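Visitor: This is the structure I want to talk about, given as structure tokens.
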């Protein structure tokens with residue numbers, strides 16, 4: 001059995017403007033609604049994955065990536081696989097969008113709460129996602145999930161804790177992480 005996690009391609013809204021906290025919140029909304037940039041395409045498509053049971057997060061960038069990569073629609077779309085929330089804090093600063101993301105994620109990991117999923121809850125969701133992928137792999141044998149950078153990392157960790165073996169990993173856009181187990 002094999003579980004493959006593929007990170008989505010670069011979203012069309014992945015630009016890096018300088019923003020205040022309110023503008024950053026709008027940037028996140030646009031990022032979450034974004035499909036894949038026309039310039040972002042996978043370099044090496046493994047055609048074997050086109051025969052795998054294909055799942056996707058419910059965010060447009062993941063669904064669009066699956067369609068680009070496989071030429072098909074997902075067999076299943078599930079909110080469980082969506083990216084861990086990108087935190088939003090009202091800090092009186094003007095920063096680049098990606099600086100906001102990294103700073104906010106750091107505060108989030110440190111336990112600073114807000115009106116978004118906690119880090120603890122997000123890790124639990126990743127564990128649930130890993131369990132669901134194992135269950136689906138038990139039925140379908142080979143599974144490919146089109147998901148997101150941080151969520152895929154935590155799903156990978158949970159799968160390894162469940163006894164799956166890492167074959168390869170990449171957290172880049174279009175990055176492929178594959179794990180196997182012996183039946």
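The values are calculated or read from the model by the stated rules, or taken from the named source; none is laboratory data. These numbers were taken from a predicted model, which means no experiment stands behind them. In this analysis, Cβ positions are derived from the backbone assuming ideal geometry, glycine residues included, and neighbour counts consider all displayed protein chains.
Visitor: Out of 160, 136, report the one residue that is farther than 25 Å from residue 13 by Cα, touching a strand residue (DSSP E or B) at 6+ places or on another chain (Cβ under 7 Å), surrounded by fewer than 16 Cβ atoms within 10 Å (Cβ to Cβ) and modelled with pLDDT of 95 or more.
Guide: On inspection, the qualifying residue turns out to be 160.
Visitor: Exactly one of (1) farther than 30 Å from residue 51 by Cβ; (2) at pLDDT 95 or above is unmet by residue 112. Its number?
Guide: (2)
Condition check ((1) closer than 16 Å to residue 21 by Cβ; (2) in contact with a strand residue (DSSP E or B) (Cβ under 6 Å, 6 or more places away or on another chain); (3) surrounded by fewer than 19 Cβ atoms within 10 Å (Cβ to Cβ)) across all residues:
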{"residue": "61", "(1), (2), (3)": "no, yes, no"}
{"residue": "68", "(1), (2), (3)": "no, no, yes"}
{"residue": "71", "(1), (2), (3)": "no, no, yes"}
{"residue": "82", "(1), (2), (3)": "no, yes, no"}
{"residue": "100", "(1), (2), (3)": "yes, no, no"}
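Visitor: Can you say whether residue 148 is crowded, with 18+ Cβ neighbours inside 10 Å and over 27 Å from residue 164 (Cα atoms), as far as the supplied structure shows?
Guide: no
Visitor: Let me ask you something else. Every residue in segment 173-183 that is modelled with pLDDT of 95 or more and not in a strand (DSSP E or B), please.
Guide: Answer for segment 173-183, where residues must be modelled with pLDDT of 95 or more and not in a strand (DSSP E or B): 173, 174, 175.
Visitor: Just checking, which of 135, 128 is in contact (Cβ under 8 Å) with a residue 24 or more places away in the chain and more than 17 Å from residue 59 (Cβ to Cβ)?
Guide: 128
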